[in-house]
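Trainee: Take a look at this one; I'll ask things after.
The values are calculated or read from the model by the stated rules, or taken from the named source; none is laboratory data. Predicted model, so just to flag it, every value in this text is computed and none were measured. Note that each Cβ is placed from the backbone with ideal geometry, even for glycine, and that neighbours are counted across all protein chains shown. With ligands, DNA and RNA removed, areas are computed over all heavy atoms of the protein, side chains included. Shrake-Rupley method; radii C 1.70, N 1.55, O 1.52, S 1.80 Å.
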Amino acid sequence: MAPDGSAKAITQPVARGPRGRSPGVSSLERLARRRSSIAFLMTLPLILVIAGLVAYPAAWAIYLSTLNRRMRANIGFDNYLILLESESFRMIIWQSCFFAITAVLLKALIGFWLAHMLHHIPTRGQRKWRGMLLIPWVIPPALSTLGWWWMFDPSYSSINWIINVFGFPSVPWLGQPWWARISVIMVNVWYGAPFFMIMYLAALKSVPEQLYEAASIDGATSWQRLRFITLPMMQNIISITVLFSLIVTFANYDIVRVLTNGGPRDTTHLFATYAFQVGILSGNLPRGAAVSLFMLPILAVAAFFILRGVTRRTKEIA
Amino acid sequence: MAEAAVANRDYPRVYGKVGSLHRERAWALRWAYVSLILASIIFLAPPFYMLVTSIKTNVEMADQSLNPWIVRNPTLEHYWAILSNPIFLTFFKNSIIVTILVVSVTMVISVLAAFALSRMRFWGSQVLATGVFLTYLVPDTLLFIPLYQIVGGLGLLNSIWGLVLVYPTLTVPFCTWIMIGYFASIPKELDEAALIDGATWPQMLTKIFIPVALPGIIAATIFAFTVSWAAFVYPTAFITRPDQMPLTIGIVSQLVRGDTFAWGQIMSGALIAALPPVVVYVFLMDYYIAGLTAGATKG
């Protein structure tokens, strides 16, 4: 992040010193040479992107969600109320929460496990394994989900073929609500677990080896080492990663769009895919905006804690 | 194992446990390899199956008595078919144009802004740095409906220029954020020396900051590239004309047609489309991972 106060004290007089004070320079030129004006000009494109393409649309979405379908009249919170009253939307809230929480927990556990296993093996081999295990994260998810879709195909499913080899009956992956929900979570976990693995591996590597040595001298078991050294040292990264992933998973769109498109009978819709269906496909933009704004409270809470974690971490490093 | 030996020499009271410690470590190592092999099989199965499907003949694919995971008569016919399909080449061209433009715009915006934010403190710079991070946390699925109206108002729906306009919302915040981290880690003595030698701010940026922070710039560029190549929500929402589609939505919406299931072509198309990010990853893995972990470990 930005430098601390002491840096300001050092750079400021030096920066102003030799330039901009000579007589005969017009005031406009002097203004252009002032450090803060240059800095402002350099950040202007960023400010434009943030203000014009993120802040303004976000505010516009809130206003939009209070309009009626034809966007002629302001109907207050009716869009939200209508949504909350409908049985199907309440199920979408439930499904979004179920999907995000289950997927994030599984991703975190699998990622943690794999990071540990990677950390255990000799350093030479780690690169190769890490490289292989990160592949799911590298393929654009919309495309890899197509592969999963074909693997879940009702009559040609290659996963069912393996299941049949072991003597179990075929599974209707995308045909029944619960199996479809599980499939969507499976694909999301497959895609996201490598990210957790990489983050946790980086965190594991930053735990000083001496702590473990000291603990094993004191006769700590491996569980105790995990509980009293690894987890406390990684606490911050774990929470940042989990919260960040919670946001991304809640807002997930591509996997459900490609795999089930919300079906069977709208049981796998998430906020994002439902907002798309209502807003873009059915043409009710205000209500679609209202649907996607249901994500906002969760995002705001997660963002608050992430920011706190990152700030704390920055202070630790500094 | 080396640490264990050292520990044992210094602290004789653990001597009795040497054998069990050694055995425990050997088992842990074996267990680690078993887990990693299992995970690799599961993680690599879908791309492997996509590859298998893409080189199978349609006859073989339709035969349900055969093991679907192996190929008997490999063929490249699906690849020829997809590569001679003009609409697929159009998708590819659109993806390349959009990605190159977005990556260049992103890097210019974020390097300039990160330099100013990390070195030239001005009124509101701290707030702006926090704002950049918060924007990064706003997902595209929250913004696509208002952006649909804004892009529509500019007359850019159904055009790759609309995508070039909105993709920076996906890339700029994160790239700026990690560049701030990289720039802030450059020692202040360097810029002081440059200033004393009479360097101007632009000179400082191009002669010192960009060369020294090159690994960060590569990591940010890779991030911008992979994100704009894989973007899915915005093109799905803004583009319905096939000739303006980038690869992701093009393959998902145009090649997948309910009635004729051309799985071989879909899979070969998806694999070709996934190739650029995978190639970048294979050759620049360390930068890729640095960019990935930088969000939380730097900053």
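Trainee: Can you name every residue in region B:131-150 that is open to solvent by 10 Å² or more (accessible area, probe 1.4 Å) and more than 7 Å from chain A (Cβ to nearest Cβ)?
Mentor: Hits for region B:131-150 are B:TYR136, B:ASP140.
Trainee: A further question on this structure: Only one of B:LEU147, B:LEU101, B:LEU170, B:LEU137 is more than 17 Å from the chain's Cα centre (by Cα) and of a type outside the set (Lys, Arg). Can you tell me which?
Mentor: On the way: B:LEU101 fails: more than 17 Å from the chain's Cα centre (by Cα); B:LEU170 fails: more than 17 Å from the chain's Cα centre (by Cα); B:LEU137 fails: more than 17 Å from the chain's Cα centre (by Cα).
Going through B:LEU147, B:LEU101, B:LEU170, B:LEU137 in turn, just one is more than 17 Å from the chain's Cα centre (by Cα) and of a type outside the set (Lys, Arg): B:LEU147.
Trainee: Sticking with this structure for a sec: Collect the residues in region B:111-124 that are open to solvent by 20 Å² or more (accessible area, probe 1.4 Å) and either aromatic (Phe, Trp, Tyr) or in contact with a strand residue (DSSP E or B) (Cβ under 7 Å, 6 or more places away or on another chain) (or both), keeping them in residue-number order.
Mentor: Step one: filter region B:111-124 for residues open to solvent by 20 Å² or more (accessible area, probe 1.4 Å), giving B:112, B:121-124.
Within region B:111-124, B:PHE122, B:TRP123 qualify.
Trainee: Continuing with the same structure: All but one of (1) under 23 Å from B:ALA270 (Cβ atoms); (2) within 13 Å of chain B (Cβ to nearest Cβ); (3) in a helix (DSSP H, G or I) hold for A:ALA103, so report the exception by its number.
Mentor: Here A:ALA103 meets the rest and fails (2).
Trainee: Out of (1) within 7 Å of chain A (Cβ to nearest Cβ); (2) at pLDDT 85 or above; (3) not in a helix (DSSP H, G or I), what's the single condition that is false for B:PHE122?
Mentor: (2)
Trainee: Now for a different question. Considering only residues that are crowded, with 24+ Cβ neighbours inside 10 Å, of a type in the set (Phe, Trp, Tyr) and touching an Asp or Glu at 6+ places or on another chain (Cβ under 8 Å), which ones fall in region B:210-257?
Mentor: Residue satisfying the conditions is B:TYR234 alone.
Trainee: Continuing with the same structure: What tally of residues in region B:235-247 results from selecting those that are facing chain A (nearest Cβ under 10 Å) and touching a residue at least 60 places away in the same chain (Cβ under 8 Å)? Spell out how you get there, then give the answer.
Mentor: First pass over region B:235-247, keeping only residues facing chain A (nearest Cβ under 10 Å): B:235-238, B:240, B:247.
This time we only want the ones that are touching a residue at least 60 places away in the same chain (Cβ under 8 Å), so: B:235, B:237-238, B:240, B:247.
Adding up the residues that qualify gives 5.
Trainee: Moving on. Which of the residues belonging to region A:121-142 are assigned to a loop (DSSP other than H, G, I, E, B), under 18 Å from the mean Cα position of the chain (by Cα) and either more than 7 Å from every other protein chain (Cβ to nearest Cβ) or of a type in the set (Gly, Ala, Ser) (or both)? Working first, answer last.
Mentor: We begin by selecting, within region A:121-142, every residue assigned to a loop (DSSP other than H, G, I, E, B); these are A:121-122, A:134, A:139-140.
So of that shortlist, the ones also under 18 Å from the mean Cα position of the chain (by Cα) come out as A:134, A:139-140.
The one that is assigned to a loop (DSSP other than H, G, I, E, B), under 18 Å from the mean Cα position of the chain (by Cα) and either more than 7 Å from every other protein chain (Cβ to nearest Cβ) or of a type in the set (Gly, Ala, Ser) (or both): A:LEU134.
Trainee: Still on this model: Let me confirm something: among B:ILE42, B:ILE37, which residue is more than 8 Å from chain A (Cβ to nearest Cβ), within 33 Å of the chain's Cα centre (by Cα), assigned to a helix (DSSP H, G or I) and under 14 Å from A:LEU114 (Cα atoms)? Steps first, answer last, please.
Mentor: On the way: B:ILE42 fails: more than 8 Å from chain A (Cβ to nearest Cβ).
None of the other options fit; the residue is B:ILE37.
Trainee: If I filter region B:182-203 down to residues being under 28 Å from A:VAL54 (Cα atoms) and of a type in the set (Phe, Trp, Tyr), which single residue comes out as nearest to the other protein chains (Cβ to nearest Cβ)? So that I can check it myself, show each step before the final result.
Mentor: The first filter runs over region B:182-203 and keeps only residues under 28 Å from A:VAL54 (Cα atoms), leaving B:182-184.
In the following step, the residues that additionally are of a type in the set (Phe, Trp, Tyr) were identified as B:182-183.
Details: B:TYR182: 12, B:PHE183: 10 Å.
It comes out as B:PHE183.
Trainee: Continuing with the same structure: Looking for whichever is over 17 Å from the mean Cα position of the chain (by Cα) and within 11 Å of chain B (Cβ to nearest Cβ) here; the options are A:GLN235, A:GLN210. Which one fits? Working first, answer last.
Mentor: Working: A:GLN235 fails: within 11 Å of chain B (Cβ to nearest Cβ).
Unique residue meeting the criteria: A:GLN210.
Trainee: Does region B:204-218 contain at least one residue that is closer than 17 Å to B:ILE109 by Cβ, facing chain A (nearest Cβ under 10 Å) and touching a residue at least 60 places away in the same chain (Cβ under 8 Å)?
Mentor: Checked against the condition, which is being closer than 17 Å to B:ILE109 by Cβ, facing chain A (nearest Cβ under 10 Å) and touching a residue at least 60 places away in the same chain (Cβ under 8 Å), region B:204-218 yields at least one hit.
Trainee: For region A:76-93, give me each residue that is without any contact (Cβ under 8 Å) to a residue 40 or more places away in the chain and either open to solvent by 60 Å² or more (accessible area, probe 1.4 Å) or in contact with a strand residue (DSSP E or B) (Cβ under 8 Å, 6 or more places away or on another chain) (or both). It would help to see each step written out before you state the result.
Mentor: Looking only at region A:76-93, we keep the residues that are without any contact (Cβ under 8 Å) to a residue 40 or more places away in the chain, and these are A:76-78, A:81, A:84-87, A:90.
Result: A:PHE77, A:ASP78, A:LEU81, A:LEU84, A:GLU85, A:GLU87, A:ARG90.
Trainee: Inspect region B:103-110 for any residue being in the same structural domain as B:ILE272 (by TED's automatic domain parsing) and surrounded by fewer than 17 Cβ atoms within 10 Å (Cβ to Cβ) and give the result as yes or no. Working first, answer last.
Mentor: Step one: of region B:103-110, the residues in the same structural domain as B:ILE272 (by TED's automatic domain parsing) are B:103-110.
From what's left, surrounded by fewer than 17 Cβ atoms within 10 Å (Cβ to Cβ): B:104, B:108.
Yes, because at least one residue in region B:103-110 is in the same structural domain as B:ILE272 (by TED's automatic domain parsing) and surrounded by fewer than 17 Cβ atoms within 10 Å (Cβ to Cβ).
Trainee: From the residues in region B:125-143 that are farther than 15 Å from A:GLY52 by Cα and either assigned to a loop (DSSP other than H, G, I, E, B) or touching a Gly at 6+ places or on another chain (Cβ under 8 Å) (or both), which one is modelled with the highest pLDDT?
Mentor: Within region B:125-143, the match that is modelled with the highest pLDDT is B:PRO139.
Trainee: Restricting to region B:152-181, name every residue that is farther than 25 Å from A:PHE304 by Cα, more than 10 Å from chain A (Cβ to nearest Cβ) and buried (at least 21 other Cβ atoms within 10 Å of the Cβ).
Mentor: Within region B:152-181, B:ILE160, B:GLY162, B:LEU163 meet the criteria.
Trainee: Quick one: is B:PRO146 part of a helix (DSSP H, G or I), under 27 Å from B:ALA274 (Cβ atoms) and out of contact with any strand residue (DSSP E or B) (no Cβ under 8 Å at 6 or more places or on another chain)? Step through it out loud before you land on a result.
Mentor: Numbers: part of a helix (DSSP H, G or I): yes; under 27 Å from B:ALA274 (Cβ atoms): no; out of contact with any strand residue (DSSP E or B) (no Cβ under 8 Å at 6 or more places or on another chain): yes.
The answer is no for B:PRO146.
Trainee: Please specify each residue of region B:248-262 satisfying the condition of being modelled with pLDDT of 85 or more and within 8 Å of chain A (Cβ to nearest Cβ).
Mentor: Listed by number, the residues that qualify are B:THR248, B:ILE249, B:ILE251, B:VAL252.
Trainee: Any chance you could count how many residues in region A:107-134 are buried (at least 18 other Cβ atoms within 10 Å of the Cβ), closer than 23 Å to A:PRO232 by Cα and either touching a residue at least 60 places away in the same chain (Cβ under 8 Å) or in contact with a Lys or Arg (Cβ under 6 Å, 6 or more places away or on another chain) (or both)?
Mentor: Number satisfying all stated conditions: 9.
Trainee: Here's a follow-up. Might you let me know whether region A:212-224 holds any residue that is assigned by TED's automatic domain parsing to the domain that holds A:TRP94 and either in contact (Cβ under 8 Å) with a residue 40 or more places away in the chain or open to solvent by less than 10 Å² (accessible area, probe 1.4 Å) (or both)? Break it down stepwise before answering.
Mentor: First pass over region A:212-224, keeping only residues assigned by TED's automatic domain parsing to the domain that holds A:TRP94: A:212-224.
With the extra rule that they be either in contact (Cβ under 8 Å) with a residue 40 or more places away in the chain or open to solvent by less than 10 Å² (accessible area, probe 1.4 Å) (or both), the set shrinks to none.
There is no residue in region A:212-224 that is assigned by TED's automatic domain parsing to the domain that holds A:TRP94 and either in contact (Cβ under 8 Å) with a residue 40 or more places away in the chain or open to solvent by less than 10 Å² (accessible area, probe 1.4 Å) (or both).
Trainee: OK, next. Looking only at residues in region A:247-262 that are out of contact with any Pro (no Cβ under 7 Å at 6 or more places or on another chain) and open to solvent by less than 20 Å² (accessible area, probe 1.4 Å), which one is nearest to A:CYS97 (Cα to Cα)?
Mentor: Here the residue is A:PHE250.
Trainee: Look through B:GLY181, B:GLY198, B:GLY216 and report the one residue that is within 16 Å of the chain's Cα centre (by Cα) and closer than 24 Å to B:MET120 by Cβ.
Mentor: Details: B:GLY181 fails: within 16 Å of the chain's Cα centre (by Cα); B:GLY198 fails: within 16 Å of the chain's Cα centre (by Cα).
Criteria check complete, one pass: B:GLY216.
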